[in-house]
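J.: Below is the structure I would like to discuss, written out as structure tokens.
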Amino acid sequence: FSVADCIPEPSNQRRPIHQLIQRSITRTTSLVAIMKFTAPASGMVGGLFLLAAAMTTSCSFAFQPSLPAKSCRRRHHAASRNHPDLHNENNPRILSSLSMVASMAGAATIDTSELAQRDVPGMQQWAQNYGVQTAPGVEVTSSDGGMDWFLMTQQPIAAGSPVLFVPSQMVLSSSAIQAELGGGLTASEDMLRNLGVTNRLPLFRLMVKILVEYEKGQDSPYFPWLNAMPRRFFNGVAMTDACFECLPPYVSWLSQKERNNFSKFLNALRQGQAPLSQQTISDDALIKWAYNVALTRHNIVVAAQEKRIAPMADMLNHATNPNCEITYDAEGNCLVNANADIAAGSPLTITLGDPTNPSPLFATYGFLDTDCPGIFCKAMELEEEMKELGYGFKDLLIGTEGGEIAPQVWDLFLYKLLKQANDANLPLFAEACRNNNEETKQQYHQHYFQYTLDELKQHVNNILTTVDSLTMKANSYDLATHPRVPVIVAHNDLVKRTFQKVQAQLNAMG
């Protein structure tokens, strides 16, 4: 590690992207070796001053102060304005971390209460100091006064171009956490396996790691990132029983399922031997916060095996038609690339789940995807019949734009009628549904059309009546004690508007 590595390259001598990234990896690795980023023994502050002492005794290099905190919307990248590849504003100006430490000196722990402020600008500075690189014009911004933050670009980005690079040393990896914490997680993970949630072990490891770093306070190299995390969540884990009572059955079931998963994590943590203090293990609110951070910020790398969180990349929001994609290279570096041309002023987005059905996204992440093309038909009472036909929730959709009804919805309600009547045609119709035999299905639909139509009309009328009642109940709550009411009402309004369109379509059929 040399002083030369800290000196920014002149803008007219910028290197190609692959060289720039490789240089960043080398620099970051050198810094990490000194600071022991992945497993700090003497703490962040000690590591930084050790680095400073080593450098000041070997040269007379003048420290450059870190950039002052300023509005994300007014960030100015003069040195890299004409550079087409990724850049790091400090490139990375590692020594500016000293001033970052000074700014954190008064904060021993992170305030995780719901109304605590998020220090996102501080996190952005920290990320740059550790070698995170962004395309020119990419910034973190907020449109609601600092509650929600997201990445956007103030300059156009061409499809296929790099958008963001996060060095592997910064990435939280569930497999690396397993190796780091070792036997401390064994008892808890055995319990989770017995509870049937083996597929969630990577998420559990991320949650525990967040708690471990939280306990270190400012000595954790992840302190600025943790201090930038949301405090208030709106997903199923954060909801109360009163919230569930204001939601339609399907999304209420999904939300309660997410909260039940958290309860399993909580019990497993308390009965295990995780390297956490008793004070932390006894703090329900803190553990819920750590769970929600892990749940809402991770990327699935290998289903049920590996999940990762890449600071800064976790600021990408969801979109039905995302313009970015996250990948990891062989060294574990996080790479974000544009998968479409992105206009200046656009949010940078990825996909967080199936865009055809917003209810799972609502239950897991706590936001309403208003751009979704469809929603579940809300026939939760027919879950047994769905399984018998081999249909899933994602098959039984109705269109949010025009109230279009998926063919499988017609199949499901006709199957219900035939089953109730113990009709002799039931086995043949079921076989046609399972085998995708459209010709045979249409013959039965034509024969029983009016019966199925009347049944669907009744179902839609019932849903509209139920949603009105649920929304009325939600609006009766005090927002001071039920802050999640607005997102619940917004969800119910989407359901109502969609089913009104379905109602109009069905009425036009006779």
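The values are calculated or read from the model by the stated rules, or taken from the named source; none is laboratory data. These figures come from a predicted structure and were not determined experimentally. Ideal geometry is used to build each Cβ from the backbone, glycine not excepted, and the neighbour counts take in all protein chains shown. To get the accessible areas, we keep the full protein, side chains included, count just its heavy atoms, and leave off ligands, DNA and RNA. Shrake-Rupley method; radii C 1.70, N 1.55, O 1.52, S 1.80 Å.
J.: Given H placed on each backbone N at 1.01 Å, which residues far from S346 in sequence or on other chains put an amide H within less than 5 Å of it?
T.: Placed amide hydrogens put T153 under 5 Å from S346.
J.: Quick one: which residues, 5+ away or cross-chain, put their amide H under 5 Å from the amide H of N337? H built at 1.01 Å from N.
T.: Sorted by chain and number, the residues that satisfy this are V163, E325, T327.
J.: Pop out the ³J(HN,Hα) list for segment 386-398 in order, Karplus 6.51 cos²θ - 1.76 cosθ + 1.60 with θ = phi - 60°, rounded to Hz; leave Gly and Pro as x.
T.: Using θ = phi - 60°, the values come out as 4, 5, 5, 8, x, 9, x, 4, 6, 7, 9, 10, 10 Hz.
J.: What is the magnitude of the charge dipole of segment 390-510 about its Cα centre, with +1 placed on the Cβ of each Lys and Arg, -1 on the Cβ of each Asp and Glu, and no other charges, expressed in debye to the nearest 20? Let's see the in-between values first.
T.: Values: 11 positive and 13 negative charges, 64 e Å.
Dipole of segment 390-510, to the nearest 20 debye: 300 debye.
J.: Taking the Cα centre of segment 262-324 as the origin, how large is its charge dipole in debye, to the nearest 20, when only Lys and Arg (+1) and Asp and Glu (-1) carry charge on their Cβ atoms? All intermediate terms of the calculation are to be shown ahead of the outcome.
T.: Details: 6 positive and 4 negative charges, 20 e Å.
Computed about the Cα centre, the dipole is about 100 debye.
J.: Under a cut-off of 14 Å between alpha-carbon atoms, report the aspartates and glutamates in cross-link reach of K264, not counting same-chain residues fewer than 8 places apart.
T.: Cross-link targets: E189, D190, D284.
J.: Let me ask another. Tabulate in residue order the Karplus-calculated ³J(HN,Hα) for segment 347-353, using 6.51 cos²θ - 1.76 cosθ + 1.60 with θ = phi - 60°, rounded to whole Hz; enter x for Gly and Pro.
T.: 3J(HN,Hα) across segment 347-353, in whole Hz: x, 9, 9, 10, 9, 9, x.
J.: Taking square-rooted eigenvalues a ≥ b ≥ c of the alpha carbon gyration tensor, is segment 171-283 rounded, prolate or oblate, where a/c under 1.5 means rounded and, failing that, a/b exceeding b/c means prolate?
T.: Details: a/c = 2.08, a/b = 1.39, b/c = 1.50.
Oblate shape, in that a/c is at least 1.5 and b/c is the bigger or equal ratio.
J.: Hey, what do the phi angles of segment 470-480 turn into as Karplus ³J(HN,Hα) couplings, whole Hz, using 6.51/-1.76/1.60 and θ = phi - 60°, x for Gly and Pro?
T.: 5, 5, 4, 5, 4, 5, 7, 7, 7, 4, 5
J.: Under a Cβ-Cβ cut-off of 10 Å, what is the net charge of the residues other than A238 that fall near it, where Lys and Arg count +1 and Asp and Glu count -1?
T.: Details: positive: R232, R259, K288, R484; negative: E114, E258.
The answer is +2.
J.: Could you name the aspartates and glutamates whose alpha carbon sits less than 13 Å from that of K416, not counting residues in the same chain fewer than 8 places away?
T.: Correct list for K416: E381, E383, E384, E385, E388, D454, E455.
J.: Okay, moving on. Per the 1.4 Å probe, what fraction of the accessible area of segment 135-263, in percent, lies on carbon and sulfur atoms?
T.: Details: 2000 of 4030 Å².
Ligands and nucleic acids excluded, carbon and sulfur reach 50 percent.
J.: Give me the net charge for the shell around H298: Cβ to Cβ below 9 angstrom, other residues only, Lys and Arg +1, Asp and Glu -1. Each step should come with its number before you reach the end.
T.: Working: positive: R297, K307, R308; negative: D314.
Summing Lys/Arg as +1 and Asp/Glu as -1 gives +2.
J.: Which GluC sites (Glu not before Pro) in segment 256-327 sit in a loop by DSSP (not H, G, I, E or B) and have at most 14 other Cβ atoms within 10 Å of their own Cβ? Mind dumping the intermediate values first?
T.: Working: sites: E258, E306, E325; in loops: none.
The qualifying sites: there are none.
J.: Is the shape of segment 274-385 best called rounded, prolate or oblate, per the rule: a/c under 1.5 gives rounded, else a/b larger than b/c gives prolate, else oblate, with a ≥ b ≥ c the square roots of the Cα gyration tensor eigenvalues? Let's see the in-between values first.
T.: Details: a/c = 1.91, a/b = 1.09, b/c = 1.76.
Judged from the Cα gyration tensor, segment 274-385 comes out oblate (a/c at least 1.5, b/c at or above a/b).
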